[in-house]
1. Which shape class applies to the stretch 17-92: rounded if a/c is under 1.5, otherwise prolate when a/b exceeds b/c and oblate if not, where a ≥ b ≥ c are the square roots of the Cα gyration tensor eigenvalues?
2. Accessible area per residue, 1.4 Å probe, Å², for the stretch 92-201: what's the number?
3. Tell me, what is the Rg over Rh of the stretch 281-338, with Rh the Kirkwood radius over Cα pairs?
4. For the stretch 25-83, what does the accessible surface come to per residue with a 1.4 Å probe? Please give it in Å².
5. Sort 239-246, 55-62, 74-81, 285-292 by packing, meaning the average of other beta carbons within 10 Å per residue, with the highest value first.
6. By what distance, in whole Å, do the Cα atoms of the stretch 67-133 stretch along each of the three principal axes, largest value first?
7. For the chain, set up a GNM with springs between Cα atoms under 10 Å and report which of VAL97, VAL157, VAL108 has the largest fluctuation.
8. With the contact rule set at Cα under 8 Å and sequence spacing of 6 or more, what percent relative contact order holds for the chain?
Amino acid sequence: MLDPSWFVQTCREQGVSLFTGVPDSLLKELCTTLDREVGRGQHVIAANEGAAVGIAIGHHLRTATPALVYLQNSGFGNLVNPLLSLADPDVYRVPMVVLVGWRGQPGVKDEPQHVKQGRVMAGLLDSIQVPWAVLPKDPAEASQILKEALACDGPYVLLVEKDTFTKAVRPATQDRGTLASREEALTALAAAVGREAAIVSTTGMLSRELFEYRERQGGHGQDFLTVGGMGHASSIALGVAMSAPEREVWCFDGDGALLMHLGSLAVIADQAPGHYFHVVFNNGVHDSVGGQPTSIGRVDVVAAAMALGYRQAVSTDDVEEIPDLVSGLRESGGPALLELRVRPGNRPDLGRPTRTPEQNKQAFMAALRGGRG
């Protein structure tokens, strides 16, 4: 296995002068090390994977040095466009190492949303004619493959298998203050929204918490759990709302997902469904992949929603205010946004959905038709 501190230092010694990307659970130890050992100007957590490639390109244009871009393979589609239409040797010939967490690797048990992506990953890289290799777990071999990658005049992909990196030194736990947990806020919100509304929840811990809440209450049909496709829950909810004008539609979103495709809010506002309500659980981190910070701290979420055309937007960190805020949003109509500021983290015994994605889909569709899920 590779010590993440050694890996970062080796990258630097071989010429990498910037690290940027979107955090991944298989790269959690590396991301923790980057947060601790690399200064702010040399490490950027990007809004999405394609933006990370753009940052790497801009960095190279000024410094003539390569960057390392990191991501989970589920987000690979977000970077294919700038990777091939800008960084490729046939265009601007921008060298960079692209470190990809290989979720769903054949032969390694993983969640349903990762299986197809993992199975086709090698073939996908071959089809787009990008050089690639699996990152070796032996330090000497890893150092050599890094040299080969950085000698290319364009992107070189390194697939990272599970348990490639050893445990990193963790920073001291920060004081989480008096904010409620996401699960406490979600429970209060789901109760206030009621069982008649359709709910589309974002990928990660939030959907897992919603599933367990429904297990306790009985009945899952009104919820669509967006187990993959980070950042797209709000657009899925829009598609539902436009096709179901008789039913309230609520999107339960996260701050990292919101930032990933923030432009979707303008499209939602343009379509202006009066029964569309968008809730952002803002804990300031990418919680399900290691708790790395997002850039949401620089954003006035309420002002951004209003500037992008929402009819109304409000914010709170008080769970007890949720029922009144939900009533207020309903009275004024959507598209409307509610920001719930919550603390990072989740309980350690949080389970995963026991229904398959297909079962979730069929139950949700039946509920929209007026049946039971």
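1. oblate
2. Details: 5490 Å² over 110 residues.
Result: 50 Å² of accessible area for each residue.
3. Numbers: Rg = 13.2 Å, Rh = 12.8 Å.
With Rh from the inverse mean 1/r over Cα pairs, Rg/Rh is 1.03.
4. On the way: 2210 Å² over 59 residues.
Result: 37 Å² of accessible area for each residue.
5. Numbers: 239-246: 14.2, 55-62: 17.1, 74-81: 19.2, 285-292: 20.9.
The densest-packed peptide leads the list: 285-292, 74-81, 55-62, 239-246.
6. Each principal axis gives a Cα extent; for the stretch 67-133 these are 38, 22, 20 Å.
7. Result for the chain, Cα springs under 10 Å: VAL108 fluctuates most.
8. Working: 732 pairs, mean separation 61.7, N = 373.
Relative contact order, the chain: 17 percent.
The values are calculated or read from the model by the stated rules, or taken from the named source; none is laboratory data. The model shown is predicted, which means the values in this text are computed figures rather than measured ones. Here the Cβ is made from the backbone with ideal geometry for all residues, glycine too, and neighbour counts use every protein chain on show. In case anyone asks, the SASA skips ligands and DNA or RNA and just uses the protein heavy atoms, side chains included. Shrake-Rupley method; radii C 1.70, N 1.55, O 1.52, S 1.80 Å.
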